[in-house]
1. Going by what's in this entry, would Leu179 be described as open to solvent by less than 40 Å² (accessible area, probe 1.4 Å) and part of a helix (DSSP H, G or I)?
2. Please name all residue pairs, on different chains or six or more residues apart, with Cβ atoms under 8 Å, provided the first residue is in the range 130-156 and is closer than 13 Å to Ser16 by Cβ and in a helix (DSSP H, G or I) and the second residue is among the small types (Gly, Ala, Ser) and open to solvent by 30 Å² or more (accessible area, probe 1.4 Å).
3. Does the range 122-166 hold any residues that are in contact with a strand residue (DSSP E or B) (Cβ under 7 Å, 6 or more places away or on another chain) and aliphatic (A, V, I, L, M), and which are they?
4. Can you find, within the range 116-150, the residue that is modelled with the highest pLDDT among those that are more than 30 Å from Glu162 (Cα to Cα) and open to solvent by less than 90 Å² (accessible area, probe 1.4 Å)?
5. Taking the criterion of being modelled with pLDDT of 80 or more, surrounded by 13 or more Cβ atoms within 10 Å (Cβ to Cβ) and at negative phi, would at least one residue in the range 81-91 satisfy it?
6. Would you be able to tell me the number of residues in the range 128-151 that are farther than 12 Å from Thr47 by Cα and not β-branched (Val, Ile, Thr)?
Amino acid sequence: MPSDTPPISLIVFAGSKRIAQGSTADVLAQLQERKDDTPYLVFDEQTGEPLDFDVHNRAGVPTPTASTEAHGETPRGVGRPKLGVVAREVTLLPRHWDWLNRQPGGASVALRRLVQEASRVNADRDAVRASREAAYRFMTAIAGDLPGFEEATRALFAGERERFEALIGAWPADLRTHLQKLSAAGWSTTA
């Protein structure tokens, strides 16, 4: 069954220098060719999420670090998993359930329709938020001890691009370049 999830692209830093980038297989090959033993950090290139990546594991399947696993939910075995439908608990007031049950197709159809509409209406704002959160995840994992980190974080979430750029201007080039890429969609005025 085809997946809606795009293939993961990774970026790897040793200290503040980018040492590898690409697909999981490409990064695995690049890391296995390394001659030095400098510790490195592996990130999902799009989300800024730090990943555990065992270079000795031939499968080379990256997994979120323990600190990021707490944010996700483990899907339950109910629903229609073959169709990608996962049942989860929704808590509503009785009047909300009554309204949903009166809708054509019932509560599930009405909820899907509401979510689809909200996704469409809020797409720009969601993209800005996702961009800022990706930049923040990356910054926190790799640049937390750099000068101006806290002020750069404030500027990022305040949508102050010029100030953010000035604050990270003295940071190492590879870090700065990746932060600029991650934060690019976060500067929209529609947020």
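1. yes
2. Pairs found: Ile142/Ser16.
3. Once the filter is applied, which keeps residues that are in contact with a strand residue (DSSP E or B) (Cβ under 7 Å, 6 or more places away or on another chain) and aliphatic (A, V, I, L, M), the range 122-166 yields Ala141, Ile142.
4. Only one residue tops the list, namely Glu117.
5. No; the residues of the range 81-91 include none that is modelled with pLDDT of 80 or more, surrounded by 13 or more Cβ atoms within 10 Å (Cβ to Cβ) and at negative phi.
6. Final tally of qualifying residues: 10.
The values are calculated or read from the model by the stated rules, or taken from the named source; none is laboratory data. Since we're looking at a predicted model, the values are computed, not measured. No Cβ is skipped: glycine too gets one built from the backbone with ideal geometry, and neighbour counts run over all protein chains shown. Just the protein is used for accessible areas: all its heavy atoms, side chains included, with ligands, DNA and RNA removed. Shrake-Rupley method; radii C 1.70, N 1.55, O 1.52, S 1.80 Å.
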